[in-house]
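Before we start, here is the structure in question, set down as structure tokens.
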Amino acid sequence: MAYLLHQLLTRSAESYPEKAAVSAGGRVLTYRELDEQSNQLAHLLRARGVNKGDRVGIFFPKAAESLVAMLGISKAGGVYIPMDTQQPAQRAAYLIENCAMKGVLTTGPLLQALETALKAPLGFAMVSWQSLAEFPATAVPDCGQTTHDLAYILYTSGSTGRPKGVMISHQNALTFVYWCAGIFKICPEDRLSNHAPLHFDLSVLDVYNALEAGATVCMVPPEIAAFPSSLANWIDAQQITVWYSVPSALILLLLHAEGKFAALTRIRILLFAGEVFPMKYLRQLAGLLPDVELYNLYGPTETNVCTYYQVDRALLPAQERLPIGRACANTEVFAVTDRNTIAQVGETGELYVRGPGVTCGYWGDVEKTRKMLVPNVFQPHFEEKAYRTGDLVKLLEDGSYDFLGRIDSMIKSRGYRIELGEIEAAMLSHPAVREASAIPLPDQEIGARIHAVVALHDGIDLTAAALLQHCSSHIPKYMLPEFIEFREALPKTSTGKIDRVKLASESLAARA
Amino acid sequence: MESTRQQIYDFVAGIARQKGISDIGAGEGLTENGIIDSLAIFRLVSFLEDTFGVRIADDEIVNENFASVDTVDRLVTTKLERRPAAR
């Protein structure tokens with residue numbers, strides 16, 4: 001077993017040197033090429049002073065070179081930070097300063113924008129890959145890395161204010177990769193899609209499970225990601241066997257390329273994570289791809305994935321929501337009730353996660369780390385931490401969990417406890433509704449007023465009154481939104497999730 | 001009345017502004033710079049259908065037609081020319 005992420009590459013490069021490791025933008029790198037080029041980059045980085053634990057940013061549009069960068073930095077002993085190239089330069093500069101990056105791998109124009117936003121000059125910036133050829137293609141000398149050293153930092157937007165850097169060690173990532181390898185039986189013949197941006201943790205599976213198995217990771221070209229019909233053609237042409245994305249990407253395919261699903265015969269596993277999959281779309285998907293194994297993966301960036309649920313087509317018609325399932329191997333999850341006991345069957349509580357897959361904390365933020373990674377009081381014999389997800393779950397009879405929503409999206413209105421996700425599920429169950437979000441607006445008198453923002457399917461009219469009528473048969477009256485706003489689409493974050501912060505601030509502003 | 005092209009440009013510029021991009025060129029790649037993503041594309045399609053009374057099929061929602069303001073204009077203009085009686 002590998003104990004450092006890049007060993008997954010070096011091992012597969014020995015077994016399958018001439019097999020395609022990555023395919024992106026019409027370019028293919030074999031395992032040998034990827035191994036050699038990342039060795040060259042590691043030598044280059046060492047020459048620039050990068051050593052064990054040094055942070056290096058990856059700030060250029062996704063390409064085959066992104067893998068060379070991730071693996072080269074890791075081989076040099078460094079910690080890589082994938083950075084969204086579409087974020088404002090100010091935010092990118094903040095990440096660089098926050099974790100004191102030694103340098104970045106970037107492009108000329110991006111560097112120019114960055115330099116105007118940075119307070120202090122960068123240690124180094126590499127904008128050209130030409131000089132790589134001057135360095136040896138052999139492995140760099142070992143710098144004493146262990147499995148507990150950091151492999152990468154993923155910055156996630158906090159619900160308020162500054163992005164926070166989730167630190168992931170080699171062991172954290174490998175715990176997840178080895179679980180996936182076992183359960184999904186990824187083999188050298190597999191072709192894995194990479195739809196998620198590299199700063200989003202879904203990409204960890206795409207990249208490292210491909211490398212672990214000697215399989216090929218195929219990056220979705222950015223110029224077709226927005227076009228469902230082209231994307232469906234691409235999945236077919238690339239002969240993708242394992243697809244992983246947020247549900248919204250699959251929903252767009254269902255809505256605008258339904259006729260192409262019949263051609264997608266190579267897919268054997270379809271994975272989704274990151275947000276709740278509305279049941280009506282999931283049923284449609286399960287019907288269109290009758291032989292494909294469908295899995296709901298759950299887990300905040302801090303835990304990679306910590307629970308999983310395989311969709312059971314026999315249960316699907318009657319299920320009101322999809323469980324998040326049970327813990328992955330080498331991981332324990334448990335729910336803590338508001339009485340501070342471990343939830344029994346039928347009880348709800350906050351989900352805690354324990355095990356080697358759980359993050360080491362937030363870069364440079366001891367306080368936040370202490371708040372989220374807490375001593376496990378249920379195991380008093382030695383010091384051990386558990387991660388508080390902030391998610392409310394219910395333990396089901398078969399030992400799996402239902403996801404009920406964020407604890408902080410649990411609101412009180414007129415004294416009732418209201419879970420916003422339930423309101424959203426009720427709205428989404430209407431056939432005309434494409435997207436829906438429930439927003440609580442603070443109210444001095446009744447605690448909170450609920451405002452809903454809804455996007456309908458094209459060409460379908462639905463009045464607020466009719467939607468409320470529909471909802472009233474699914475949820476109690478006190479949960480009905482007071483006001484429904486119709487929009488063409490709901491705003492999304494860079495990772496494709498509904499941007500609740502933006503919606504809430506817009507709703508507040510509209511009301512003021 | 002504003003030209004088709006100008007109306008398309010204004011709408012796309014509006015999307016760009018929401019994303020913090022202040023300046024776009026008519027021939028500029030809309031997907032490369034992130035102005036048109038999987039959500040914005042359907043806002044744009046609805047806008048074109050509502051404003052110009054054209055129908056854009058799922059198969060036409062591809063990069064070749066939505067690469068720039070110029071290509072979008074060509075798509076809409078071609079559709080409008082094909083059915084002069086409707087307007």
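The values are calculated or read from the model by the stated rules, or taken from the named source; none is laboratory data. Every value quoted in this text rests on a predicted model; they were computed, and no experiment measured them. Here the Cβ is made from the backbone with ideal geometry for all residues, glycine too, and neighbour counts use every protein chain on show. Areas reflect the complete protein model, heavy atoms only, side chains present, ligands, DNA and RNA absent. Shrake-Rupley method; radii C 1.70, N 1.55, O 1.52, S 1.80 Å.
Looking only at strands (runs of 3 or more DSSP E) that fall completely inside the stretch A:97-183, which ones have 2 or more residues that are among the small types (Gly, Ala, Ser)? Spell out the reasoning first.
Details: elements: A:103-106, A:124-126, A:150-157, A:163-169.
Correct list: A:150-157, A:163-169.
What is the residue count in the stretch B:16-36 for residues that are of a type in the set (A, V, I, L, M, F, W, C), closer than 23 Å to A:GLY496 by Cα and either in a loop (DSSP other than H, G, I, E, B) or within 8 Å of chain A (Cβ to nearest Cβ) (or both)? Spell out how you get there, then give the answer.
To start, the set of residues in the stretch B:16-36 that are of a type in the set (A, V, I, L, M, F, W, C) comprises B:16, B:21, B:24, B:26, B:30, B:35-36.
Checking which are closer than 23 Å to A:GLY496 by Cα leaves us with B:16, B:21, B:30, B:35-36.
Of the ones still in play, those that are also either in a loop (DSSP other than H, G, I, E, B) or within 8 Å of chain A (Cβ to nearest Cβ) (or both) are B:21, B:30, B:35-36.
Total meeting the criteria: 4.
Limited to the stretch A:328-353, what total is found for residues that are surrounded by 21 or more Cβ atoms within 10 Å (Cβ to Cβ) and within 20 Å of the chain's Cα centre (by Cα)? Lay out the reasoning, then the answer.
Step one: filter the stretch A:328-353 for residues surrounded by 21 or more Cβ atoms within 10 Å (Cβ to Cβ), giving A:328, A:331, A:333, A:335, A:349, A:351-353.
So of that shortlist, the ones also within 20 Å of the chain's Cα centre (by Cα) come out as A:328, A:331, A:333, A:351-353.
Number satisfying all stated conditions: 6.
Being open to solvent by 20 Å² or more (accessible area, probe 1.4 Å) and not hydrophobic (A, V, I, L, M, F, W, C) is the filter here; which residues of the stretch A:383-400 pass it? First the steps, then the outcome.
First, pick out the residues of the stretch A:383-400 that are open to solvent by 20 Å² or more (accessible area, probe 1.4 Å): A:383-385, A:388, A:394-399.
Within the stretch A:383-400, A:GLU383, A:GLU384, A:LYS385, A:ARG388, A:LYS394, A:GLU397, A:ASP398, A:GLY399 meet the criteria.
Right, another one. Residue under question is A:LEU198, and the condition is that it be more than 17 Å from A:ALA20 (Cα to Cα) and not in a helix (DSSP H, G or I); does it hold? Give the steps one after another, and end with the answer.
Numbers: more than 17 Å from A:ALA20 (Cα to Cα): yes; not in a helix (DSSP H, G or I): yes.
Here the answer is yes, as A:LEU198 does meet what is asked.
Let me ask something else about it. Would you point out which residue out of A:ALA151, A:ALA133 is surrounded by fewer than 23 Cβ atoms within 10 Å (Cβ to Cβ) and either touching a His at 6+ places or on another chain (Cβ under 8 Å) or in the same structural domain as A:GLY57 (by TED's automatic domain parsing) (or both)?
Working: A:ALA151 fails: surrounded by fewer than 23 Cβ atoms within 10 Å (Cβ to Cβ).
Being surrounded by fewer than 23 Cβ atoms within 10 Å (Cβ to Cβ) and either touching a His at 6+ places or on another chain (Cβ under 8 Å) or in the same structural domain as A:GLY57 (by TED's automatic domain parsing) (or both) holds for just one of A:ALA151, A:ALA133, which is A:ALA133.
A further question follows. What is the number of the single condition among (1) at pLDDT 85 or above; (2) facing chain A (nearest Cβ under 10 Å); (3) surrounded by 15 or more Cβ atoms within 10 Å (Cβ to Cβ) that B:ILE8 does not meet?
The single condition B:ILE8 does not satisfy is (2).
Which pairs turn up if I take residues in the stretch A:480-508 that are within 9 Å of chain B (Cβ to nearest Cβ) and look for partners that are open to solvent by 30 Å² or more (accessible area, probe 1.4 Å) and in a strand (DSSP E or B) with beta carbon separation below 7 Å, at least 6 apart in sequence or on another chain?
As it stands, the answer is A:LEU490/A:ILE498; A:LYS492/A:ILE498, since those pairs meet every condition given.
Scan the stretch B:37-87 residue by residue and report those that are more than 14 Å from chain A (Cβ to nearest Cβ), without any contact (Cβ under 8 Å) to a residue 60 or more places away in the chain and open to solvent by less than 40 Å² (accessible area, probe 1.4 Å).
Matches in the stretch B:37-87: B:PHE52, B:LYS79.
Select, from A:ALA89, A:ALA69, A:ALA113, A:ALA100, the only residue that is closer than 20 Å to A:LEU150 by Cβ, of a type outside the set (S, T, N, Q), open to solvent by 20 Å² or more (accessible area, probe 1.4 Å) and out of contact with any Gly (no Cβ under 8 Å at 6 or more places or on another chain). Quick ask: steps written out before the conclusion?
On the way: A:ALA89 fails: closer than 20 Å to A:LEU150 by Cβ; A:ALA69 fails: open to solvent by 20 Å² or more (accessible area, probe 1.4 Å); A:ALA113 fails: closer than 20 Å to A:LEU150 by Cβ.
Answer to the check: A:ALA100.
Which of the residues spanning the stretch A:435-469 are aliphatic (A, V, I, L, M) and part of a loop (DSSP other than H, G, I, E, B)? Talk me through it step by step, then tell me what you get.
Residues of the stretch A:435-469 that are aliphatic (A, V, I, L, M), as a first pass: A:436, A:438-439, A:441, A:446, A:448, A:450, A:452-456, A:460, A:462, A:464-468.
Across the stretch A:435-469, the qualifying residues are A:ILE446, A:ILE460, A:LEU462.
Can I ask one more? Can you go through A:LEU392, A:LEU351, A:LEU322 and tell me which one is under 30 Å from A:ALA452 (Cα atoms), assigned to a loop (DSSP other than H, G, I, E, B) and not assigned by TED's automatic domain parsing to the domain that holds A:GLU97?
Details: A:LEU392 fails: assigned to a loop (DSSP other than H, G, I, E, B); A:LEU351 fails: assigned to a loop (DSSP other than H, G, I, E, B).
Residue meeting the stated conditions: A:LEU322.
What about B:ASN65, is it polar (S, T, N, Q), touching a helix residue (DSSP H, G or I) at 6+ places or on another chain (Cβ under 6 Å) and under 27 Å from A:GLU435 (Cβ atoms)?
Numbers: polar (S, T, N, Q): yes; touching a helix residue (DSSP H, G or I) at 6+ places or on another chain (Cβ under 6 Å): yes; under 27 Å from A:GLU435 (Cβ atoms): yes.
Answer is yes for this residue.
Only one residue in A:ALA249, A:ALA232 is part of a helix (DSSP H, G or I), in contact (Cβ under 8 Å) with a residue 40 or more places away in the chain and within 14 Å of another protein chain (Cβ to nearest Cβ), so which one is that? It would help to see each step written out before you state the result.
On the way: A:ALA232 fails: in contact (Cβ under 8 Å) with a residue 40 or more places away in the chain.
Of the residues listed, the single one that is part of a helix (DSSP H, G or I), in contact (Cβ under 8 Å) with a residue 40 or more places away in the chain and within 14 Å of another protein chain (Cβ to nearest Cβ) is A:ALA249.
Which ones in the stretch A:467-479 are without any contact (Cβ under 8 Å) to a residue 40 or more places away in the chain and either within 14 Å of another protein chain (Cβ to nearest Cβ) or open to solvent by 60 Å² or more (accessible area, probe 1.4 Å) (or both)?
Across the stretch A:467-479, the qualifying residues are A:GLN469, A:SER473, A:LYS477.
Quick test of your reading of the structure: A:VAL68 fulfils all but one of (1) in a loop (DSSP other than H, G, I, E, B); (2) aliphatic (A, V, I, L, M); (3) within 23 Å of A:THR216 (Cα to Cα). Name the failing condition by number.
Only one criterion in (1) in a loop (DSSP other than H, G, I, E, B); (2) aliphatic (A, V, I, L, M); (3) within 23 Å of A:THR216 (Cα to Cα) is unmet by A:VAL68, namely (1).
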